[in-house]
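The values are calculated or read from the model by the stated rules, or taken from the named source; none is laboratory data. These numbers come from a predicted model, not from an experiment. Cβ: placed from backbone, ideal geometry, glycine included. Neighbour counts: every protein chain shown.
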Amino acid sequence: MELITEKFKQWLIEDVKAMSTISSYINDVNKFNEYLKERDVDKDVPLNRFYFTTYVKYLKGQGCIMQDKIPSKCKLKFQHPSVI
């Protein structure tokens, strides 16, 4: 997963995304990956809509998604210092 994340980050850089956007996207990917690891999802199984929808439901249950926006309290909660 780390190689995929690095390739995604490089693609964002080449697509001239702002560093804050890149940091935010990579943070989101890392948090999703942590969520999957916590649930012992087999990394060799292709991801499908089920994993994404259950993750969104999880975030909503945590109060981290309201009307498709992430409140600032959750942004702080989910910051990952080693993203960039």
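Would you confirm whether any residue within the stretch 35-42 is at pLDDT 90 or above, surrounded by 10 or more Cβ atoms within 10 Å (Cβ to Cβ), assigned to a helix (DSSP H, G or I) and not hydroxyl-bearing (Ser, Thr, Tyr)?
Yes: one or more hits.
Of THR53, THR21, which residue is out of contact with any Gly (no Cβ under 9 Å at 6 or more places or on another chain) and surrounded by 11 or more Cβ atoms within 10 Å (Cβ to Cβ)?
THR21
Out of everything in the stretch 1-36 that is in contact (Cβ under 8 Å) with a residue 24 or more places away in the chain and of a type in the set (Val, Ile, Thr), what residue ends up being farthest from TYR51 (Cα to Cα)?
My answer is ILE22.
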